[in-house]
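Engineer: Can you read through this structure? Questions will come right after.
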Amino acid sequence: MAGSIIALQIGIMRVFSVGSWSHFGSLVVSLAMFGFGLTSAIMCVAKGWFEKRWLGAVKVSLLTFGPLMVICNLAAQQVPFNAIFLISDPMQKWRLFANFVLYFLPFLAGALYLGVIFLKAKRTFNRVYFADMVGSGLCGLSVLLALYVFKPENIIMAPLILWLLGGILWFVSIGDRRGIFSIVAMAVLSVGVHTIVPQAFDVPKLAVSDYKGVSYARKFPDNKRVYERASPFGYMEMYSSSYLHFAPGLSDNAAFNLKKFPENAYLGLYIDSDGPSGVIKDLTEEEVAYFRYLPMYYPYVLKKNPDTFVVQFGGGISTEVALKEGSSHVTVAEGNPAILTAFREDKDLRAFTGDILNNPKVSVIDYDGRLYMAHTKNRYDVVDLSLADSAGLSQPGGFAIMEKYAYTQEAMAAYMRALKPGGILSVTLWNKEEPPKSVLKLYATMANAARELDPDIKTKFYVASAYLSTVTVLYKQDGFTAEEIAKLNEHTRAMSFDEIYYPGINVDTAPLKQILSDYHDQFFAAPSDPTAPAAADPTVPADEKAAAKDEEPNDPPPPGAPVAASGPDKNGVPAAALVPATTLSRLAWHYLVNGGWQKVADEYVFDTRPLTNHQPYFAAYIKVKDLLKFTDRLDTVQDEWGYLLLWATLGIATVFALTLVLFPVIFGWRTIFSRYPGKAGTMLYFLCLGLGYIIIEVGMISHFVLALSNATVSASVLITGMLVFSGLGSFASERFLATARTTMPKIFLAIFAILVFYAFFIDYALDWIGALPYVLRIVLCLALLAPPAFLMGFPMPTGMTTLGRLGKDHMFLWAWGVNGCFSVIGAALVPIVATSFGLPAVVLLGAFAYLIALPAFFSVLKPLPSGTLGSERPATA
C-alpha cells in the first residue's frame, strides 16, 4: 500500500510533465502530501476514536483510495489550468488550487490507512516501517518498468494495480471475505471509470496544454504521427507535416541564394510533449548547400575532411552536417537509449534519415558524450555540441530546474582537451532571450574552461550570433590565425550574422554603463506618474514621430529596440543595426578575455554565473536579493515562473507545516502536551529527520544524473535505493533499542561523516561510473547509496518505537506528522539551495540536519512523569 502511494506521486509527476510542466506537478504533489500532516493532526486530537474504530477506518481508507486516485486524476484533466496565464488570469490560480484539492483527496485516504496502522503497531514500529520503506522503494522501481507498458495517459494503472494487490492481501490477512469482494468490485469500477467514461463523454484522459510543442504539431492539417514509444526515458513522439519548418539558426539569406530549398526536410521529435527537435532527412547532393546556412556549419569553414565528434545526437542534424561536409569519420554520442532505439530499429525512420546511425562512417557511443570525452585518449579535429536540446529554456512555464551537465565548465574543459592540434570545438546554443541570459552563462563557462588549459585566451575564440535565434562559439586551443579569422568573418557576413568576438576586434566600452542601466530600469524602474502625458509609442517609425514633433528624434531607444550603427566598417561593408543584447555580448567577451567580467556580472540584472558540475543549471536567473522586487511585475519574467514557483512552494509549505504541526499542541495542550517532557526537543528531532532525509534523497537525484544521464531513471534508482536500504536499516535498528542511548550518537556521527565525504568527492566516482554499461552503472549507484541510506534508516523508527513503548501515544502521532510536513519543506528547499549554493551544499545541509538531531534524540528518551494514567502510562522501553 505504501508503494501505491509512491507510485501515485510518480504517476502524477509524469502526467504533469507530459500535459503541462513538471514543476507544477511538483507543487501539487508537495502540497497534496500534506494529507499526511492533516491525518496526523486529526488522529492526534482524536486518538481514542481511532483506537476504538481502527478496523473500520482502515477499511474505509482502503476501499476509497483506488477510486479516488482514478476519479480525481480524471477530474483534474478536465480543469482547464494553463500555466501561461497564471499571472494575467485570476481564474488560473483557482484552477491550480482545484488541482491541489483533487489530488489531495487520494493522498488523504492513503495517509489515513498508514496512520492507523502505525498507531496500532507503535511498539513494533521498526518492522512496520521496514515494510513501508522497502515496499515504497520496490514499488517505485516497478513504476519505472510500468513506463514501458503504459502510456502517460494510462500510468494511473500502476498505482491502481498495487492498491488492489495490497488491499486483497490486507483483507486476506484479517479473514474479511466481504472486504476482498468489495475491493475487487471497487477496482473493476475504477478501471471502468478510467477507460469508459472518457470515451463516452469525449473527455481526455490526459489534457496536453495548448502551449506545449506537440500541441502545435497536432493542429497542423496534414499532421501524421510517424513514431511513438513510451519508456522511462520519456514519452517520445515524431510528427510529419508540410507545415513543420524547423530551421535552427538558419540564415535569412538561404531563401535568396539556394537554387533548391529542401521540401519537407524535417520530422518533429517531441519528448514528453516538449520540442520539437528537428530530425532531418537524408538530403540529395543538390540540396546539401542548405547546410552552409546553418550555424553548425562554422567549423567546416576551416576544417576539410575532419575526424568529428558529436557530443549529443539529438535529432541527428549535427551528425548529418558532419557527414555531408566531408568528415572522414563521425563519432556520435547519445545518452538517451530511446532515441538510439528509434533511429536504429524503426524502418520508416531509417529510410527517412538514410539510416544515419548505421552509416559505415559513423561510430555510436551509447552514453553521454561529456563522460566519454572525459576519459577517452582519442583526439578529434572537430568537437560539436549544437542545439542538442533547448538549453536556453525561454518558453513560459519552462522547467525551473534541469541539470545540463553537457554544458558545464568541467565538460567544456574535457571537450577542449580532446581536440587534436588545430582542432575546433563548436558550441551552438539557442539565443532567444532578451535580455540575454543563457548565452552569458555559456560565454563565462567556456572562458573559464579555456583558462584551465591556458591563462591567455585572447586568440582562442570566435563568436557569431543571429539575433533572437542562435549563437555559435568556436574554440581553437592554439588560437585562430589572421587568415582563419578572415575566412570566418567572410562567412559570417555572407550569412548576415553578427560578429560578437574574434581576436583583434575593436570594442567600444562606453555603452556598457547605459546598457546595464537600461536593462535594470526595464524591470525595476518606478511606475510612471498616471497623470503624466502618455509616452510616445516606440513602434511608430522615427520619421513620423519627428514630423509630428517637427523636430529631429533624439530619444534613446527602449531596451531591446534596434539601434542604427554608426557607419560602414573598415572594409567598407555597411554595418548592421545593433541592439543592446548584441552589444552586451561583445562587451561580455571583451571583459571575459581582458579581465573585469565579474564586476559587470555583479551589476547585470540577471545571474550569469558559469555552469559547473555543482551548479549545472541554465535557470534561476533572478538573483535572490531581487526576488521581492519581482513580486509585482511577474509578467516581465515569465520564463522564470518555474523558479519563482519553488520559492512560493517553500513559503506555502512552511505555513502549512507550522499550522499542522502546532494544531495538535494548541487543541491538546491542557489535556495532553502540558504533561509531556521534551516536547521541543522531540519536535526538533523529527523536524531534522524529515528535512535531512528528503534533502539527501532529492539532492542525490540531481547528483546521480551525472552518471545515469536521465532524471527519471536517476529518481527511480535513488528512491528505490534509499527506501530499500533505509528499510533494511529500520529492520536492523530493533536490535539496538535497548542500547539506543549509546548506539544512536555513533549512528548520527557516522551519517554525518559519510555525507560530508560524499558532498565533496562523490562526483569523481559518478564521473567514472557514467562511462560503464548502463546496468552496471545502476548497480554501482545503488552500492554508493547503501552505506548512508542503511544508517539513515535507524533514527526514525528508533525514535517512533521509543515513543510508542514509553506510552507517548499522542506524541507518537504528532512526531509522524512533524516528520512528514517538514519532508515537504525539504523537497521545496533542495532546488533553491542547489541553484544558489550548489549541489554539495545540499548534501551538507542534510548532513547538518542529522548532526543537529543527535542532541535532540535525548529528549525523545524522556519518560512520562510518574502517576500518568491510562494509555499514557510509562512502559518499558
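The values are calculated or read from the model by the stated rules, or taken from the named source; none is laboratory data. Fair warning: this is a prediction, and the values are worked out from it, not measured in the lab. Heads up, the Cβs are rebuilt from the backbone with ideal geometry, glycines too, and the neighbour counts pull from every protein chain shown. Heads up: the accessible areas ignore ligands, DNA and RNA and are worked out on the full protein's heavy atoms, side chains in. Shrake-Rupley method; radii C 1.70, N 1.55, O 1.52, S 1.80 Å.
Engineer: Is the shape of segment 364-503 rounded, prolate or oblate, going by the alpha carbon gyration tensor and its root eigenvalues a ≥ b ≥ c, with a/c under 1.5 for rounded and a/b larger than b/c for prolate? Don't skip to the answer; put the middle values down first.
Structural biologist: Values: a/c = 1.74, a/b = 1.06, b/c = 1.65.
Taking the square roots of the gyration eigenvalues as a ≥ b ≥ c, segment 364-503 is oblate.
Engineer: Next question. Packing-wise, with mean Cβ within 10 Å as the measure, how do 685-697, 799-811 rank, highest first?
Structural biologist: Details: 685-697: 25.8, 799-811: 24.0.
Packing proxy ranking, top to bottom: 685-697, 799-811.
Engineer: With no solvent and one point per C-alpha, what does the Debye sum give as log10 I(q)/I(0) for segment 48-167 at q = 0.10, 0.16, 0.19 Å⁻¹?
Structural biologist: -0.42, -0.91, -1.10
Engineer: Give or take rounding to whole Å, what are the principal axis extents of the alpha carbon atoms in the chain, in descending order?
Structural biologist: 98, 64, 56
Engineer: Expressed as a whole number of Å, what is the distance separating the alpha-carbon centroids of segment 417-450 and segment 766-801?
Structural biologist: 35 Å
Engineer: Using the per-residue mean of other Cβ atoms lying within 10 Å as a proxy for protection, in what order, highest first, do the peptides 478-485, 325-332 fall? Don't skip to the end; give the middle numbers.
Structural biologist: Working: 478-485: 15.1, 325-332: 20.2.
Peptide ranking by packing, descending: 325-332, 478-485.
Engineer: Suppose every K and R has +1 on its Cβ and every D and E has -1 on its Cβ; what is the size of the dipole of the chain about the Cα centre, in Debye to the nearest 20? Spell out each step's value before the answer.
Structural biologist: Numbers: 69 positive and 70 negative charges, 915 e Å.
So the dipole magnitude of the chain works out to roughly 4400 debye.
Engineer: Could I ask something else about it? Please report the net charge: other residues with Cβ closer than 15 Å to the Cβ of Tyr129, K and R +1, D and E -1.
Structural biologist: Values: positive: Lys120, Lys122, Arg123, Arg127, Arg735, Arg805; negative: Asp132, Glu734.
Its environment carries a net charge of +4.
Engineer: Please report the antiparallel percentage of the DSSP beta bridges confined to the chain, to the nearest 5. Spell out each step's value before the answer.
Structural biologist: Numbers: 35 of 52 bridges.
Roughly 65 percent of the DSSP beta bridges within the chain come out antiparallel.
Engineer: All other residues with a Cβ under 15 Å from the Cβ of Met722 taken together, and with Lys, Arg as +1 and Asp, Glu as -1, what is their net charge? Can you show the working numbers first?
Structural biologist: On the way: positive: none; negative: Asp132, Glu697.
Residues close to Met722 contribute a combined charge of -2.
Engineer: Same structure, new question: Relative contact order of the chain, please, whole-number percent, based on alpha carbon pairs below 8 angstrom and at least 6 residues apart. Please report the intermediate quantities before stating the final value.
Structural biologist: Working: 1528 pairs, mean separation 134.0, N = 877.
Relative contact order for the chain comes out at 15 percent.
Engineer: Now for a different question. Using the Karplus equation 6.51 cos²θ - 1.76 cosθ + 1.60 (θ = phi - 60°), what ³J(HN,Hα) coupling, rounded to whole Hz, does each residue of segment 63-80 give in order, writing x for Gly and Pro?
Structural biologist: Values per residue, Gly and Pro as x: 6, 9, 4, x, x, 5, 5, 6, 5, 5, 5, 5, 5, 5, 5, 8, 7, x Hz.
Engineer: Test of the criteria: in segment 296-356, which trypsin sites (Lys or Arg not before Pro) are in a DSSP loop and have at most 13 other Cβ atoms within 10 angstrom of their Cβ?
Structural biologist: Working: sites: Lys303, Lys304, Lys324, Arg344, Lys347, Arg350; in loops: Lys303, Lys304.
The qualifying sites are Lys304.
Engineer: Of all GluC sites (Glu not before Pro) in segment 282-322, which ones are in loop regions per DSSP and have a Cβ with at most 14 other Cβ atoms within 10 Å?
Structural biologist: On the way: sites: Glu285, Glu286, Glu287, Glu320; in loops: Glu285, Glu286, Glu287.
The qualifying sites are Glu285, Glu286.
Engineer: Further question on the same structure: For segment 399-492, which trypsin sites (Lys or Arg not before Pro) pass both filters: DSSP loop (anything but H, G, I, E, B) and at most 13 other C-beta atoms within 10 Å?
Structural biologist: Lys458
Engineer: Hey, what do the phi angles of segment 166-175 turn into as Karplus ³J(HN,Hα) couplings, whole Hz, using 6.51/-1.76/1.60 and θ = phi - 60°, x for Gly and Pro?
Structural biologist: Residue by residue, segment 166-175 yields x, x, 4, 4, 5, 5, 5, 5, 9, x Hz.
Engineer: Also, quick follow-up: So how do 836-845, 354-363, 462-471, 94-103 stack up, highest first, on mean other-Cβ count within 10 Å? Show your work: numbers first, answer last.
Structural biologist: Numbers: 836-845: 20.3, 354-363: 16.0, 462-471: 22.7, 94-103: 18.5.
Output ranking for 836-845, 354-363, 462-471, 94-103: 462-471, 836-845, 94-103, 354-363.
Engineer: A further question follows. Describe numerically, in nm with one decimal, the distance between label points set 7 Å from Cα along Cα→Cβ at Thr509 and at Asp454.
Structural biologist: Distance between label points: 2.4 nm.
Engineer: Assuming R0 = 51 Å, what is the FRET efficiency of Glu345 and Phe524, from their Cβ-Cβ distance, to the nearest 0.05?
Structural biologist: Values: r = 53 Å, r/R0 = 1.05.
My answer for the efficiency is 0.45.
Engineer: Show Glu640, Glu734 ordered by accessible area, largest first, where the area counts protein heavy atoms only and the probe is 1.4 Å. Walk me through the intermediate numbers first.
Structural biologist: On the way: Glu640 5, Glu734 40 Å².
Ranked list, largest accessible area first: Glu734, Glu640.
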